Amino acid sequence: MSERARRLSARAVIRLLGEDFHQLPDGGDPRPYAPDGPLAWPGYDAARARAAERTGEDESVVCGTALIDGTRAVLIVSEFGFLGGSLGERTGDRLESAYTHARARRLPVVSLIATGGSRMQEGMIALTQLQRVARQSALTRDAGVPQIAVLRDPATGGGWATLGAGADVVLALPGAQVGFAGSRVRPADADPAAYTAEAQVAAGAADAVVPPEALRATLGQWLRLLTAPASTEPAPPPRPLGLTDPPATGWDAVHRARHPDRPRAPRYLDAYFTHRVTVSGDRCGGVDPTGILCGFGASRLDGRTVAYAAQTGTATRPAGYRTAARLIRLADRLGIPVLTLVDTPGAANDAEAERQGVGPAIAEVFAAVATARTPVTTLVIGEGGSGGALALAAPGNTWATPDSYFSVIAPELATAILKRPASESELTANQLRITPEELTRLGVARPF
């Protein structure tokens, strides 16, 4: 992506993405600025005048409503050409007014960010605008109104730490400079690759990099899914895609669940949804792309939006659990039902997983499921290994396919804990009562 494409003006971005744009009133104090601003900074008025002449704007952000691929949203669009897209007191006025309008009309907020941070010429007055923005974002979150951020170039400083990282979904343009530290304040030996959109996705701070030509359609898909009518009805479980006859024994169930040709999460998700979008990253520096798949999709059954967290058959890592908890909490705020697919031999138990807080991460998922007001549905599609699987299971609303099992721990490990010889693993598996039929009799699973 070229430098020119990344540095589009605010109005050009609006034309690229939206239709029927209506600019919102500024809000805030209608009185004119004191000469050279709140700090009487010499030359500030002249700098603002030059910026206005150059850009055609009178502030560093343009706010309004527009249709994005058919969905009405509140747009917050940075104008980087106006003093580097910096945030000042009047910027805060506009942002607060935009968030208030979004909540009053229950319109999603889409922020398209290109800013170098807070405005030096307004000092601490400028910096405290971040508190205003953070509060407005939190109020909007509590109101169940979705927020999507698009990181343009650059997205640094407080704009990244509030408008950007505070959003429910964070998308970024390829090659965009993204980081709390701007280019002029980083250590001299800092790796520039760490301050990119791609690096933020890899670190779990953003969900995806989206090329500009796909941005309108991508935003439209996200907005349609996240603004679907809230539903109090649980999502029905997917139908089993593998074997249909019950396993003969617990050991047979274990072998079925571990078979390499057994249907995995991607097949179930493809069969269940017409289309879906991906939530990635735990917002704490980690991702688990091979252990769990999270996102939102449109159900083939009735078109409803359903959130999903699907284990993929490997040991789930701490970042995967935290991402799942983030997804469930977001779905709960928006009134979107959740589908979880359980398929893991257990949580990752290596030393690095312990250093990354696997126990607290699992606790987050248990808490998210336990406190969710939105209905959660679970289907066990493979291995159900211990608490690392149970964390994603909905109490009283869990089903199990004929090629799955659910156990207090893997039979081999249970055998070792019981100080039995390894040759007795089959006996242990049978004694644990882990087949779908036995789980139904125990009240752990529901019959199809």
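The values are calculated or read from the model by the stated rules, or taken from the named source; none is laboratory data. All values derive from a computational prediction rather than experimental measurement. Cβ sites come from the backbone with ideal geometry, for glycine too, and all protein chains shown count toward neighbours.
Results, tabulated for the structure shown:
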item: Cβ-Cβ under 7 Å pairs, at least 6 apart or on other chains, the range 361-377 side closer than 14 Å to residue 393 by Cβ and assigned by TED's automatic domain parsing to the domain that holds residue 308, far side charged (D, E, K, R) and surrounded by fewer than 22 Cβ atoms within 10 Å (Cβ to Cβ); result: 368/329; 372/332; 375/233
item: Some residue of the range 183-190 being at pLDDT 95 or above and under 21 Å from residue 80 (Cβ atoms); result: no
item: Checking residue 23 against (1) closer than 23 Å to residue 212 by Cβ; (2) touching a Leu at 6+ places or on another chain (Cβ under 7 Å), the condition it does not meet; result: (2)
item: Candidate set: the range 417-444, residues that are hydrophobic (A, V, I, L, M, F, W, C) and in contact (Cβ under 8 Å) with a residue 60 or more places away in the chain; chosen: the one surrounded by the fewest Cβ atoms within 10 Å (Cβ to Cβ); result: 432
item: Which listed residue is within 20 Å of the chain's Cα centre (by Cα) and surrounded by fewer than 23 Cβ atoms within 10 Å (Cβ to Cβ), from 170, 178, 185, 201; result: 201
item: Near pairs, Cβ below 9 angstrom, 6+ apart or cross-chain, from the range 379-402 (within 23 Å of residue 357 (Cβ to Cβ)) to any residue that is surrounded by fewer than 24 Cβ atoms within 10 Å (Cβ to Cβ) and among the acidic types (Asp, Glu); result: 391/364
item: When residues of the range 412-443 are limited to those that are within 26 Å of residue 242 (Cβ to Cβ) and of a type in the set (Asp, Glu), the one farthest from the chain's Cα centre (by Cα); result: 426
item: Any hit, the range 96-106, residues being acidic (Asp, Glu) and more than 24 Å from the chain's Cα centre (by Cα); result: no
item: Qualifying residue in the range 92-102 (condition: surrounded by fewer than 21 Cβ atoms within 10 Å (Cβ to Cβ), among the β-branched types (Val, Ile, Thr) and either over 27 Å from residue 184 (Cβ atoms) or in contact with a Gly (Cβ under 7 Å, 6 or more places away or on another chain) (or both)); result: yes
item: Filter result (at pLDDT 90 or above, assigned to a loop (DSSP other than H, G, I, E, B) and in contact with a Cys (Cβ under 9 Å, 6 or more places away or on another chain)) within the range 1-52; result: 24
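For every residue, the table says whether it meets (1) closer than 28 Å to residue 313 by Cβ; (2) aromatic (Phe, Trp, Tyr); (3) at pLDDT 95 or above; (4) touching a strand residue (DSSP E or B) at 6+ places or on another chain (Cβ under 6 Å).
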{"residue": "209", "(1), (2), (3), (4)": "yes, no, yes, yes"}
{"residue": "226", "(1), (2), (3), (4)": "no, no, yes, no"}
{"residue": "229", "(1), (2), (3), (4)": "no, no, no, no"}
{"residue": "238", "(1), (2), (3), (4)": "yes, no, yes, yes"}
{"residue": "250", "(1), (2), (3), (4)": "yes, no, no, no"}
